[in-house]
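Down below is the structure, laid out as structure tokens.
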């Protein structure tokens, strides 16, 4: 693909804020070249009770980073004797991704709920910057759905609307991106906890007839 | 002759003439892990414009973070307030700018804690930044940014430029990136005939330049911020958009 510094990596990941929490979603395909090494991957990774991350890029790099942040955050939470903030988790990712930017291929979306700011989505793309957004898409499949999300997103959606928005978007990306596919894994994170859902291949939202 | 065939004892296990040689024991950063060379800017910002006027300085930048050609982040701020007399705008890698912002903000806090009433002057900040950028480039690990620094101190306006090579200078008008080609000539044309602009005239000049950049820079976005520093302090206004005129489209048809 054109554009300086751009590396295409496999996946479609997404996260959306709503009042009271976040919805996160991802496809389930891991590829080595054109072979699908794992068709039921879980790219929504537990970081803390109310904080998850969506991983795109090198599977090894992102797993290693997530492991480190998981450790750092649980330690921090024990010291604080309080659930950690989403912004803290996101900044831990940023510190690693920025410091080791030349050695890593990792595009991460950190999403969760905390008492201070409610549902939050933070994007840490390759290069190691950090920015909070009301919704974020990532991975190679995301390029195919910028148009869809830009036209369909409305601020102030409910949890159910967010789930539908996310499922539709990821389904469209999976349709067009060879590096994304399998099932759609969704999760809704609120004060009450994490609700996980899987949408199997047969139940994917369908858009085209052919 | 024989000499050419013999290995010189002095160079045993060393490089052959003309070969690149990295000396053993070359330094890596102490203690905090491999911060290797930033050779690939990822999310980048385009032009930053700066202009001096009578009583202060104005800096402007759009709010786009480009990921190659993709307009990925459309609401990021590339301008920051350093202290009550200094503002800064950066183009180039946004992660490096965020790092610089963090360092500068901590510096300003530390200085405040000294409680001696002194604050970093714009010139001092510019000088410091130049040293930092040049040092990083010498270690082959640059901060991939071009920074425009504006300030108003002791009744005088300051406008400076520092880039990733450590090149630094001051000028009544500054533009980075595409702006250097498109906006700088416009700014210089106005300022050479009328060096002392009023605040409104400076604002109009900047907005005119931003419009041209939106027309002609493929990595720009029609959403920008303007930071102004005067005797009264710092004001960062935005987001604004330019009015664009596409009437000429009706005058063109086909390609001949």
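Treat each spin label as a single point 7 Å out from the Cα along the C-beta direction, and report the residue B:116 to residue B:75 distance in nm.
That separation, rounded to one decimal, is 4.2 nm.
If R0 is 45 Å, what FRET efficiency do you get for residue A:134 and residue B:171 from their C-beta distance, rounded to 0.05?
Values: r = 39 Å, r/R0 = 0.88.
E(calc), rounded to 0.05, equals 0.70.
In nm, what is the difference between 0.36 nm times the number of residues separating residue A:164 and residue A:192 and their Cα-Cα distance?
Values: separation 28, 0.36 × 28 = 10.08 nm, distance 2.03 nm.
That works out to 8.1 nm of additional length.
What order do you get for B:113-121, B:245-253, B:200-208 when each peptide is scored by the mean count of other beta carbon atoms within 10 Å, highest first? Mind dumping the intermediate values first?
Numbers: B:113-121: 11.0, B:245-253: 7.1, B:200-208: 17.7.
Packing proxy ranking, top to bottom: B:200-208, B:113-121, B:245-253.
At what distance in nm do the modelled label points of residue B:138 and residue A:40 sit from each other, each positioned 7 Å from its Cα along Cα→Cβ?
It is 5.9 nm.
Give the Cα extents of the stretch A:110-210 along the principal axes, in whole Å, largest first.
Principal-axis extents of the Cα atoms in the stretch A:110-210, largest first: 47, 33, 23 Å.
Take every residue in peptide A:140-149, count the Cβ atoms of other chains within 10 Å of its Cβ, and give the average of those counts.
Details: counts 0, 0, 2, 2, 0, 0, 3, 0, 0, 0.
Going residue by residue through A:140-149 and averaging, the value is 1.
Run the Debye formula on the Cα coordinates of the stretch B:133-184, all scatterers equal and no solvent, and tell me log10 I(q)/I(0) at q = 0.14, 0.21, 0.26, 0.32 1/Å.
Debye output, listed in q order: -0.42, -0.79, -0.97, -1.14.
Using the Cα atoms of chain B to build a convex hull, what is its mean projected area in square nanometres? All intermediate terms of the calculation are to be shown ahead of the outcome.
Numbers: hull surface 94.1 nm².
Across all orientations, chain B yields a mean hull projection of 23.5 nm².
Most exposed first by the Cβ proxy, i.e. fewest other Cβ within 10 Å, how do A:142, B:127, B:47, A:151 rank? Show your work: numbers first, answer last.
On the way: A:142 24, B:127 16, B:47 28, A:151 7.
Neighbour counts put them in this order, fewest first: A:151, B:127, A:142, B:47.
Using a 10 Å cut-off around each Cβ of peptide A:126-137, what is the average number of partner chain Cβ atoms that fall inside? Walk me through the intermediate numbers first.
Working: counts 5, 14, 9, 12, 3, 8, 1, 4, 1, 0, 2, 1.
Average per residue, whole number: 5.
How large is the convex hull of the C-alpha atoms of the stretch A:1-160 per residue, in Å³?
Details: hull volume 19.1 nm³, N = 160.
Residue-normalised Cα hull volume stands at 119 Å³.
Return the whole-Å distance between the Cα centroid of the stretch A:147-179 and the Cα centroid of the stretch A:13-83.
About 19 Å separates the Cα centre of the stretch A:147-179 from the one of the stretch A:13-83.
May I ask you to derive the relative contact order of chain B, considering only C-alpha pairs under 8 Å and at least 6 residues apart, and to give it as an integer percent? Can you show the working numbers first?
Numbers: 466 pairs, mean separation 61.6, N = 256.
Result for chain B is 24 percent.
So what's the stretch B:116-256 giving for Rg/Rh, alpha carbon basis, Kirkwood Rh from the mean inverse pair distance?
Numbers: Rg = 18.0 Å, Rh = 17.4 Å.
Answer for the stretch B:116-256: 1.04.
On a 0 to 90° scale, report how tilted helix B:122-138 is relative to the longest principal axis of chain B, with both axes built from alpha carbons and the result rounded to the nearest 10.
Taking the Cα atoms of chain B, the angle to B:122-138 is about 40 degrees.
Calculate, for residue B:101 and residue B:231, the FRET efficiency according to 1/(1 + (r/R0)^6) with r their C-beta to C-beta distance and R0 25 Å; round to the nearest 0.05. All intermediate terms of the calculation are to be shown ahead of the outcome.
Working: r = 25 Å, r/R0 = 0.99.
After rounding, the FRET efficiency stands at 0.50.
Averaging sequence separations of C-alpha pairs under 8 Å and six or more residues apart, then dividing by the length of chain A, give the relative contact order as a whole percent. Intermediate results must be reported in sequence, preceding the final value.
Values: 474 pairs, mean separation 62.1, N = 210.
Result for chain A is 30 percent.
To the nearest Å, what is the center-to-center distance of the stretch B:45-116 and the stretch B:165-240, using C-alpha atoms only?
14
How high is the FRET efficiency between residue B:248 and residue A:78 when r is their beta carbon distance and R₀ equals 56 Å, given to the nearest 0.05?
Details: r = 65 Å, r/R0 = 1.16.
Step by step, r from the Cβ atoms, then E = 0.30.
Taking the protein assembly as shown as the region of interest, what is the percent of Cα-Cα pairs per 20 angstrom bin, listed from the shortest bin to the one with the maximum distance?
Answer for the protein assembly as shown: a P(r) of 22, 47, 27, 4, 0 percent.
Values quoted throughout were computed directly from the atomic coordinates according to the rules given, and no laboratory measurement underlies them. Not measured: the values here are computed from a predicted model. Quick reminder, even Gly has a Cβ in these numbers, built from the backbone with ideal geometry, and neighbours come from all protein chains shown.
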